[in-house]
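See below for the structure under consideration.
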Number of protein chains: 2
Amino acid sequence: MINNVTTNLMKKIAQLHEIPQGAHSIRKNGEVVSMNSTEHILITSKEDVEGLDIRISSECQKESLHMPVIIENEDISETVYNTFYIGGGADVTIIAGCGLHNEGNESNKSEHNGIHEFHIGKWAKVTYIETHYASGTVETSKVLNPKTIFHIEKDATVTLEMVQLGGVNKSDRDTKVILKDRAKLIISERLMTEDDQIAKSDIVVNLDGKDSSAQIVSRSVARNNSEQTYTFDLVGNNASRGHIECDAIIMDKAKVISKPVVSAFHADANLVHEAAIGKIEAEQIIKLMTLGMTEKESEETIINGFLK
Amino acid sequence: MINNVTTNLMKKIAQLHEIPQGAHSIRKNGEVVSMNSTEHILITSKEDVEGLDIRISSECQKESLHMPVIIENEDISETVYNTFYIGGGADVTIIAGCGLHNEGNESNKSEHNGIHEFHIGKWAKVTYIETHYASGTVETSKVLNPKTIFHIEKDATVTLEMVQLGGVNKSDRDTKVILKDRAKLIISERLMTEDDQIAKSDIVVNLDGKDSSAQIVSRSVARNNSEQTYTFDLVGNNASRGHIECDAIIMDKAKVISKPVVSAFHADANLVHEAAIGKIEAEQIIKLMTLGMTEKESEETIINGFLK
């Protein structure tokens with residue numbers, strides 16, 4: 001089951017070098033190939049549709065769950081539904097992600113649609129890391145469409161890291177968050193597209209609860225003929241704070257479109273949106289070149305720093 | 001023709017105390033009541049539709065044109081088309097604006113739809129000031145829907161000031177700008193809504209020309225049950241710079257929605273959007289109160305400063 005390609009993909013998307021000892025579910029080429037529950041993290045297969053129910057108890061403290069999905073050299077187009085029930089006061093890190101490898105030709109398509117719904121109890125602390133990566137021949141279609149919904153109860157905190165650093169031809173990311181009183185959301189998005197890749201990211205945040213807050217930082221690099229579209233919808237329905245920061249570096253013939261909607265429906269909603277799209281500043285490149293780097297190396301160094 | 005109400009409206013929208021000596025067109029209750037061309041500013045009535053053709057020659061230097069529109073105590077709903085042809089190198093300030101006064105009841109409606117199209121020649125410098133104001137009984141419908149289109153030729157500069165500081169029940173403002181090489185646009189928008197007023201402002205800026213630039217600063221205050229919606233569409237089709245800054249103070253039960261779209265279709269397009277919606281900071285009010293002002297006075301002082 002674990003070949004070199006799988007090892008590489010698992011490393012890229014989940015920082016895993018082998019099958020983890022703790023709670024995990026590893027999905028490969030359309031089926032679950034390894035699954036392990038622990039005392040506080042119970043994983044069961046859904047009966048009606050493809051996917052898992054994950055129940056994390058309040059006793060779960062600083063534990064982690066790995067859930068990589070791998071598709072290799074196969075014409076697979078799958079839709080998987082995972083539902084997370086996270087107990088009040090739990091503290092958990094979930095490392096998800098999807099890696100596609102396709103060495104076929106333009107008639108080959110690998111596609112994963114992951115629909116993740118989170119019910120997060122009061123005072124819980126959840127970190128969810130979703131990394132997307134694809135490799136193989138350029139002409140194959142490698143598609144990832146994640147849909148993630150967070151219902152965040154009072155006083156809970158969610159940190160969401162979304163990373164896609166290459167190889168994925170087409171991605172349509174859909175994130176929806178509802179926050180109750182004093183609930184807190186931190187989103188960090190990192191995206192790079194190359195060649196003719198198309199990436200969309202749509203984030204809707206409803207600040208429903210009193211003193212709820214959301215901070216979203218999105219950084220992206222668009223190269224070659226790639227295209228990125230960002231849609232943010234930040235809604236202040238109560239006394240709340242929301243801050244979106246969206247920075248994009250545009251290169252070559254790439255296109256970046258940013259479409260935020262910021263809606264204040266309460267006089268104590270404090271909402272800020274900042275978006276900046278531009279190329280790398282020439283001064284930055286020159287500075288690194290005076291340190292001995294080539295122009296290409298300087299560019300790469302700046303991009304890597306920006307996406308870190 | 002010039003009564004007290006008219007004098008007050010003219011003062012509010014055009015800083016005019018009497019009929020100006022120079023180039024002007026004064027429209028009252030659906031008809032032109034005074035019109036004057038000058039050597040460099042030729043005003044003629046359109047033959048097919050209601051409205052004017054305004055031809056400003058290249059010789060026009062630091063001259064001004066006043067074009068107030070007044071509707072008083074009448075059930076008037078009018079649509080007026082004005083077309084401006086501004087010669088290369090001309091330097092002109094156009095003071096337009098519309099004042100409505102309606103003392104009727106809820107069955108009375110005053111509505112002015114002004115469609116203004118500008119063809120601006122190379123190296124021209126144009127300042128266009130459009131002020132909207134309404135007075136009279138709250139229950140009457142006082143509606144203003146301005147539509148303004150600017151075709152800006154190479155190296156020309158347009159400064160656009162749009163002001164609406166009260167009394168208008170409903171306004172739908174539509175502004176579209178196309179900029180050629182090195183053309184420059186500066187927009188300053190000031191808007192205040194109260195009671196159940198609804199205001200929309202939609203600005204589309206196409207940075208088509210190399211080294212064209214646009215700077216938009218929008219400041220608004222939404223009070224009571226009023227609602228404001230801002231739509232910006234900033235499109236970088238060439239090496240260009242665009243900067244939108246949209247700040248709103250929200251009070252009482254008011255709603256503010258900001259929907260910008262920032263699209264970079266060129267690697268040398270440098271686009272920035274900033275939007276902030278929030279209430280007046282408590283510290284600011286306290287500071288002024290320690291200087292002897294009441295809370296109400298402090299609030300008014302801050303709002304007036306913000307909208308200046």
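The listed residues are A:Glu63, A:Glu18, A:Glu78, and the only one of them that is assigned to a loop (DSSP other than H, G, I, E, B) and of a type outside the set (A, V, I, L, M, F, W, C) turns out to be A:Glu18. If you check B:Ile152, B:Ile129, which single one turns out to be under 29 Å from B:Gln61 (Cβ atoms) and surrounded by 23 or more Cβ atoms within 10 Å (Cβ to Cβ)? On inspection, the qualifying residue turns out to be B:Ile152.
Selection of region A:1-25 for residues being open to solvent by less than 50 Å² (accessible area, probe 1.4 Å) and either out of contact with any helix residue (DSSP H, G or I) (no Cβ under 8 Å at 6 or more places or on another chain) or small (Gly, Ala, Ser) (or both) yields A:Val5, A:Thr6, A:Thr7, A:Leu9, A:Met10, A:Ile13, A:Ala14, A:Pro20, A:Gly22, A:Ala23, A:His24, A:Ser25.
Looking only at region B:87-119, residues that are farther than 19 Å from B:Asp172 by Cα, part of a strand (DSSP E or B) and touching a residue at least 60 places away in the same chain (Cβ under 8 Å) come to 1 in all.
In the set (1) buried (at least 19 other Cβ atoms within 10 Å of the Cβ); (2) in contact with a Ser or Thr (Cβ under 7 Å, 6 or more places away or on another chain), A:Ile86 fails one condition alone, (2). A single entry from B:Asn29, B:Asn36 fulfils the requirement of being of a type outside the set (Val, Ile, Thr), within 18 Å of B:Ser110 (Cβ to Cβ) and surrounded by fewer than 22 Cβ atoms within 10 Å (Cβ to Cβ): B:Asn29. Does A:Ala183 satisfy the criteria of being more than 28 Å from A:Asp252 (Cβ to Cβ), open to solvent by less than 10 Å² (accessible area, probe 1.4 Å) and not acidic (Asp, Glu)? Yes; evaluated as a whole, the condition is true for this residue. Starting from residues that are surrounded by fewer than 22 Cβ atoms within 10 Å (Cβ to Cβ) and over 18 Å from the mean Cα position of the chain (by Cα), keep the ones in region B:94-118 and report whichever is nearest to B:Glu161 (Cα to Cα). Only one residue tops the list, namely B:Lys109.
Screening region B:221-297 for strands (runs of 3 or more DSSP E) wholly inside it with 3 or more residues that are surrounded by 17 or more Cβ atoms within 10 Å (Cβ to Cβ) and more than 9 Å from chain A (Cβ to nearest Cβ) returns the ranges B:227-236, B:240-250.
The values are calculated or read from the model by the stated rules, or taken from the named source; none is laboratory data. Fair warning: this is a prediction, and the values are worked out from it, not measured in the lab. Using ideal geometry, Cβ is built from the backbone for each residue, glycine included, and neighbour counts are taken over all protein chains shown. For the accessible areas, the whole protein counts, side chains as well, though only heavy atoms, and no ligand, DNA or RNA atoms are used. Shrake-Rupley method; radii C 1.70, N 1.55, O 1.52, S 1.80 Å.
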